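The values are calculated or read from the model by the stated rules, or taken from the named source; none is laboratory data. No experiment lies behind these values; they were computed from the predicted model shown. As a convention, Cβ positions derive from the backbone with ideal geometry for all residues, glycine included, and neighbour counts pool all protein chains shown. Note: accessible area is taken over every heavy atom of the protein model, side chains too, but ligands, DNA and RNA are not part of it. Shrake-Rupley method; radii C 1.70, N 1.55, O 1.52, S 1.80 Å.
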Amino acid sequence: MTVSARTAGSPGITGSPGSPGSPGIAGSAAIAAIAEPGGKYVEVVAGRDGPEMLLGRRDAGAPHLRVPLRGLLTASAGRPWRVEPARPGGVTVTDGGTLVVTALAEALSARLELAFTADGRLTLTTTWRNDSAEEVADVAAGLLIPLPTEDAHVTLPGVLYNDNPSSDPARTVPHIAGGLVVEEHRLPVPAVNAAWDGRYVSLFAHPEPDRSPEDGTVAYGSLGLLRSPKLAEQGLMVTAMSGVIMFDGRPDVCYVSKAEVADRPVGYRDLAPAATLTTRHTLDWGPVEPRGLGFTTLVRTGLYQDEGARPLSADELVRLKANAMDARWNGDGYLAYDGVRHGRPRSYLYGWTGQCMKLARCDALLGLQEGRPERIERARRAADFYVAGSATQVRGLRAARYLVDDGAWELFRRDGADFVSSRAHGETIADLAGLAADFRDAGLDVPQEWEEAVAQAATLFWHSRLPEGVVPLGWTSTGASVSTMVTAAGIACVQAMLGAYRLGGERVWLLRAEEVLGQYHRLHAATFERPFAHATLDASGEDKEAGMYYFLAAFELYRLTGKELYAGWARTAADWLLTFVYVWSPEYDMGTTFERRGFKACGWPSVSVQNHHLDVFFPTSELMEFGLATGEPRYAKRAWTILHAMGQGVCAEPGDWGFEVPGEQGEGFFQTNWQRTGEANTWNPSWVIALPLYHALRMRKAA
C-alpha cells in the first residue's frame, strides 16, 4: 500500500468506452467487459438494484460470482471505522483493456482499475483521493466482495481454517463471528480464500510497508471477512482494508497473545487535500472440489518472489546446533531445558518440547556421517536409558519425563491427573524406531529391547483406538483413554506402527497403519471440514504440528507401498502445512531487533490459530524428500528456503541473540502484533536444537 500527497487529476475516467447494450459473455447486456485468453472474464451489467460485476469463466454455465458495484468499495472517516458503501460512479474500459470503476464516499473519490495479467489473474488497483480542501482524518477504506452463501469454507492462512471448528470454546481464538479482519503481516500467505458449491475465490494482497517518518513504525493493509448490518442481504464478504482490524465483530480489537485480545486502533490513515491512498490486490477464481481444498490454490501461485534469508549454510547450522546439543548431554540423555529456567527441574523430556529421542537420532546421524563412533554410542546410551526405565505397569505405555536430580520417571499432568500424550508418545516411539532403522542400515547391532518397545507401543496404539478408529488424545496411568474427543493428536502413532513394520517385517503393521491413517483421512483430510488439531500440548485448536504427522505418515506409506493414493494425501497435507509458511517478509518498526538485524520472515512457519508467532517445528527434510520422490521440485525448493530461514536467530558466539552457548536459539520469533513485535524470546527448550539439526543433517546428505 502507498499513501502519497501528490496532486491527482480529476477523478473522472478517460479512455475508450465499452459498447453498452452489447451481448456479454454471460449472456446479459454488458455495460463493459474484459476477458483473458484462458477463459476468465469480468463484465459489468445492469442489475435489479444497480450495476453488477460478474466474474466468470467461459467453460462454466453461469457467472462464478456477482458483485454489486454499490458496496464493492467502502470508506469511512473517524473512529471506530465502519462499513460505509461508496456510491458508484462511472464504468468504462480503456484502450489498454483495463476496466475502470469510479465511486464517491463523502470527501473521497475512488478509482478502481481491473486488468488481467498474463497468467489469468485479475489485478485490482484502488486509488482513493481526498477531493476536499481539508484533511480527512482516520480514513479506513477497502474492498468488499460478497459471497452468495453464509456457509463458505474460509481460509486465512495461519489464522483461520473453516472457522477453527476444533478450537476450545472456552478460549479466545479467531473466529469469523461478526467479522474478522487482521493485519497482512499476520498472514504467512497474505490472502483469503473462500470456497463453496464447487468453486473458490482467492483475494491476494501485495503488501507494501507504510513507514511513519515521525517514529519509524510500519503499517500494512488488512484482510479478512465481514458481516455488515448495512449489507446484510449480501451475507459474508471477503474483505481487503487499508489496515484497520476487527476481532469477533469488534473494530480496533487485536489478538495480542495466547487467547488474549486488546483494544488496538491501528491502520487508520490521514489524507491531506489532494493526497491519495493506493492499494493493489489480485483476484483469482475457479473450480475446486471438495470445497475444503480451496487452500491448495493459495500456495501454488507465483505472486511472491521473496527468496528468504540465508545466514548459515547447512554445514554451519549442523556445527552450531551440534554444539548446543553437546551442551545438553547429561550422561544418559539430553536436558530438555537450559538449566532450571522458569522453575522447571532438570529433566529429559521425550517428544513434544524435549525431543530427547530425536536428539539421539541426531547424534547417531552425525556420528555416521562424520565417522564419530563416540556419538553413535551416546545415541545408543540415550535410547537404552529410555527403554530400560520409562515403562509403566501398562504394557506399551511409557513415561515421557525423567527428573534428573530426583532419579525418577513421571507422566505429564492434565486436569490434575497423570496423563500420557498420544502425540508425544507416538512421536518418541517413531523416533526410537527410526534410530533402530538407522543403526540397521549402517550395519550396527540393534538391541532386541528396542524392537520390543516399538512393537509393544504399537500394539497399545492399535488396541486402544476410539470407536471412530483413531488413537485417543492420550491415556491415563491405567491405560484408559483420557477423552473421547476425536482429534488428530495421535497421528504420530501411525508412524510408530510403520516403524514396527519396518523393524519386524510383519505385514499386519502395514495394514493396520493404512487402516488407521484412512480413518484420520476420513475425519480430517477428505474434506478439511474439521482440519488437523490438538497436537500441541499447550494449546487447543488447529495447528500445523497435527498436520505434520499426517503428512509424514502418508508420505511413508507412499514410500512403502508406491500407491499414488498416499502421495495425493501427502501432497494435500503438504499444501495445508505450507499455508503456515511465510512467502514474504514484513518490515519492522525502527529500533526493533528484527529491523536492526534484517530478519526476514520468508520461509518461517507460524505455529497455530492460537499462537501467532514463528518457530522451527516443521517436516523440512521430509518435504524436500517428498518433492524429489514425486518429481515436484517446488516442494524441495520450499524446503531449502525453510531450512535457510531457520538459520536466523541462532547464537553464533557468546552473547549473540541473548545466549551464551553457540547454537542456541529462541523458541518464538514475533513477526506480527502478537506479544513483542520484531523481537525473539530466549526460551529454548531442546526441540529448538533437535529439529533444525535433524533436518540439516538429512538435507546436506541429500545435497
Among residues of the range 353-373 being closer than 30 Å to GLY443 by Cα and not in a helix (DSSP H, G or I), the residue modelled with the lowest pLDDT is GLY354
By my count, strands (runs of 3 or more DSSP E) wholly in the range 127-211 with at least 1 residues that are out of contact with any Pro (no Cβ under 8 Å at 6 or more places or on another chain), open to solvent by 10 Å² or more (accessible area, probe 1.4 Å) and hydrophobic (A, V, I, L, M, F, W, C) are 136-146
Scanning the range 272-315 for residues that are at pLDDT 95 or above, in a loop (DSSP other than H, G, I, E, B) and either hydroxyl-bearing (Ser, Thr, Tyr) or within 26 Å of TRP569 (Cβ to Cβ) (or both) gives VAL288, GLU289, PRO290, LEU298, VAL299, TYR304, SER313
Of the residues in the range 468-494, those that are open to solvent by 40 Å² or more (accessible area, probe 1.4 Å) and outside any loop (DSSP other than H, G, I, E, B) number 1
Pairs returned, first residue in the range 501-517 that is on the phi > 0 side of the Ramachandran plot, second residue that is open to solvent by 30 Å² or more (accessible area, probe 1.4 Å) and of a type outside the set (Lys, Arg), beta-carbon separation under 6 angstrom, 6 or more apart or interchain, are none
Determine, yes or no, whether ALA383 is crowded, with 18+ Cβ neighbours inside 10 Å and either over 26 Å from GLY479 (Cβ atoms) or more than 29 Å from the chain's Cα centre (by Cα) (or both).
yes
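Residue-wise test of (1) assigned to a loop (DSSP other than H, G, I, E, B); (2) within 19 Å of the chain's Cα centre (by Cα); (3) crowded, with 22+ Cβ neighbours inside 10 Å; (4) aromatic (Phe, Trp, Tyr).
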position: ALA539; (1), (2), (3), (4): yes, yes, yes, no
position: PHE551; (1), (2), (3), (4): no, yes, yes, yes
position: TRP569; (1), (2), (3), (4): no, yes, yes, yes
position: SER585; (1), (2), (3), (4): yes, yes, yes, no
position: GLU595; (1), (2), (3), (4): no, no, no, no
Taking the range 300-357 and keeping only residues that are touching a residue at least 60 places away in the same chain (Cβ under 8 Å), open to solvent by less than 30 Å² (accessible area, probe 1.4 Å) and farther than 28 Å from ARG597 by Cα, one is left with GLY333, TYR334, LEU335, ALA336, LEU349, TYR350, GLY351, GLY354, GLN355, CYS356, MET357
Within the range 398-413, residues among the hydrophobic types (A, V, I, L, M, F, W, C), within 20 Å of PHE461 (Cα to Cα) and outside any loop (DSSP other than H, G, I, E, B) come out as PHE412
Exactly one of ALA8, ALA75 is under 23 Å from MET241 (Cβ atoms), among the small types (Gly, Ala, Ser) and either open to solvent by 60 Å² or more (accessible area, probe 1.4 Å) or at pLDDT below 90 (or both), and that one is ALA8
Matching residues in the range 365-379 (in contact (Cβ under 8 Å) with a residue 24 or more places away in the chain and buried (at least 17 other Cβ atoms within 10 Å of the Cβ)) number 6
